[in-house]
Amino acid sequence: MTDQATSIATLPVLGEAANQTYPIATLYVVATPIGNVADISVRALHVLSLVNAVACEDTRNTAQLLTRFGLNKPLIAAHQHNEREAAESLIARLQAGERIALVSDAGTPAVSDPGARIVDAVRAAGLRVMPLPGASAAVTALSASGLVNDQFHFVGFLPSKAKQRETTLQQLRTVAATMVFYEAPHRIVECAEALAAAFEPTRQVVFARELTKLFEEIHRCPLSEAAQWLAADAHRQKGEFVVLVEGAPQASDAEDAEAERILNILLAELPVKQAAALTAQITGKKKNALYDRALQIKG
Ligand code: SAM
């Protein structure tokens, strides 16, 4: 254990972060951990130790986090209720040549968190904004979900009122990309019920709970089984959640599935060539491809 700690402390990458250039008059947008404090990046630590001040969503949370890193910095409150005014004073400080870090309570600032207005104002003032990437609950959940889709559609928090939530979900019904929702524990059951009512029950849902924390849990099931899974253990309704929902079945997928179904029925009664030809006639799909598939099915 000691050997490992010693070797980490002497890793060249630590020196690499320290030897890079960190321009003055720059706003550093710094992602912080979403649960596991050790997920802070080397570069983020270096920048946090270098800046003149840290603009943050909640000064108490950020003070605690910085203490965990052994840092003590002047903190500036920059939350959703004062973002515009905070931006003005930050711009004045940056123009005077300071380096300032912008953080949120957890994860990447400006992703379902305050920060976007400050970044916008700082850029509009012609000042430099430098992002320091790190944890984001959405991407963390996607990476461990096993859902195979090159696209994702970030929704974030659904409206809390049932009617508005339903309207939003109806608008999402045809989205082909994997959908990413954030949800609070006291609404997770309602959320699961609303998702099951809005989308096909066969679509896969993933509950990514307490990511990077002690009670991390990642569960995948069809939407039809979601409410039952949550109800089976009260612990499953606790903590922070990312909910992923498989995108809408695409027309070509549905057509392929239908052709496969017809081919299988016909193959049970007819020779391969005839079954393929009839399936092609019924579905409009290519005869040769269906013939090859029929041979595969027949082994
Ligand atoms: N900016 C953050 C990010 O980059 O992901 C998100 C902030 S948003 C206010 C907080 C929500 O993110 C939580 O309600 C939950 O839906 C999700 N979240 C944050 N941390 C999480 C974790 N450790 N496990 C699962 N979900 C998490």
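Every read-out reported here was derived from the displayed coordinates using simple, explicitly stated rules and does not represent laboratory data. From a predicted model like this one, the values you see are computed outputs, not experimental measurements. Ideal geometry is used to build each Cβ from the backbone, glycine not excepted, and the neighbour counts take in all protein chains shown.
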Inset, instruction - Would you mind checking the tilt of helix 188-198 against the longest principal axis of the Cα atoms of the chain, expressed as 0 to 90 degrees and rounded to 10? - result: 40
Inset, instruction - Report the charge-dipole magnitude of the chain in Debye, nearest 20, computed about the Cα centre from +1 at each Lys and Arg Cβ and -1 at each Asp and Glu Cβ. - result: 380
Inset, instruction - Amide H neighbours of residue 247 under 5 Å, at least 5 residues apart or on other chains, H built in the peptide plane: list them. - result: 178, 179
Legend entry - Label-point separation, residue 224 to residue 124 (7 Å along Cα→Cβ), nm: 5.1
Legend entry - Added length on full extension, which subtracts the Cα-Cα distance from 0.36 nm per residue, residue 281 to residue 186: 28.9 nm
Legend entry - Relative contact order computed over the chain (Cα-Cα under 8 Å; 6+ residues apart), in percent: 15
Inset, instruction - Please arrange 191, 221, 56 by counting, for each residue, the other beta carbons lying within 10 Å of its beta carbon, fewest first. - result: 221, 191, 56
Inset, instruction - Just the Kirkwood number for the stretch 138-245, please: inverse of mean 1/r across all distinct Cα pairs, in Å, one decimal. - result: 13.8
Legend entry - Two-site label geometry, residue 215 and residue 157: point separation in nm, points 7 Å out along Cα→Cβ: 2.1
Inset, instruction - Evaluate the Kirkwood expression for the hydrodynamic radius of the stretch 253-298, namely the inverse of the mean inverse distance over all pairs of different C-alpha atoms, and round to one decimal in Å. - result: 9.9
Legend entry - Proxy reagent accessibility, fewest Cβ within 10 Å first, across 267, 71, 65: 71, 267, 65
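If each residue's Cβ is checked for other Cβ atoms within 10 Å, how do 140, 32, 59 rank with the fewest at the top?
If I rank by nearby Cβ atoms, fewest first, I get 59, 140, 32.
What length, rounded to one decimal in nm, is gained on full extension from residue 253 through to residue 18, with 0.36 nm per residue of separation minus their alpha-carbon distance?
79.5 nm
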Legend entry - Span from the the stretch 60-99 Cα centroid across to the the stretch 138-167 one, whole angstrom: 30
Inset, instruction - Subtract the Cα-Cα distance of residue 150 and residue 63 from 0.36 nm times their separation in residues, and report this length gain in nm to one decimal. - result: 27.5 nm
Inset, instruction - Round to a whole angstrom and tell me the spacing of the C-alpha centers of the stretch 104-118 and the stretch 212-287. - result: 36
Inset, instruction - Would you please classify the overall shape of the chain from the alpha carbon gyration tensor, given that a ≥ b ≥ c denote the square roots of the eigenvalues, rounded means a/c under 1.5, and beyond that prolate means a/b larger than b/c while oblate covers the rest? - result: prolate
Inset, instruction - Please give the helix 162-172 orientation as an angle from the longest Cα principal axis of the chain, in degrees from 0 to 90, rounded to the nearest 10. - result: 70
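Give me the dipole magnitude in Debye, nearest 20, for the stretch 138-245 about the Cα centre, with unit charges on the beta carbon: positive for Lys and Arg, negative for Asp and Glu. Present the calculation step by step, with values, prior to reporting the outcome.
Values: 11 positive and 12 negative charges, 48 e Å.
Magnitude of the dipole: close to 240 debye.
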Legend entry - Number of Lys pairs (Cα under 29 Å; 8 or more positions apart or on different chains) in the chain: 11
Legend entry - Taking all pairs of distinct alpha-carbon atoms in the stretch 38-104, Kirkwood radius in angstrom: 12.2
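FRET efficiency for residue 82 and residue 193, Cβ-Cβ distance as r, R0 = 41 Å, nearest 0.05? Numbers along the way, then the final one.
Working: r = 36 Å, r/R0 = 0.88.
Calculated transfer efficiency: 0.70.
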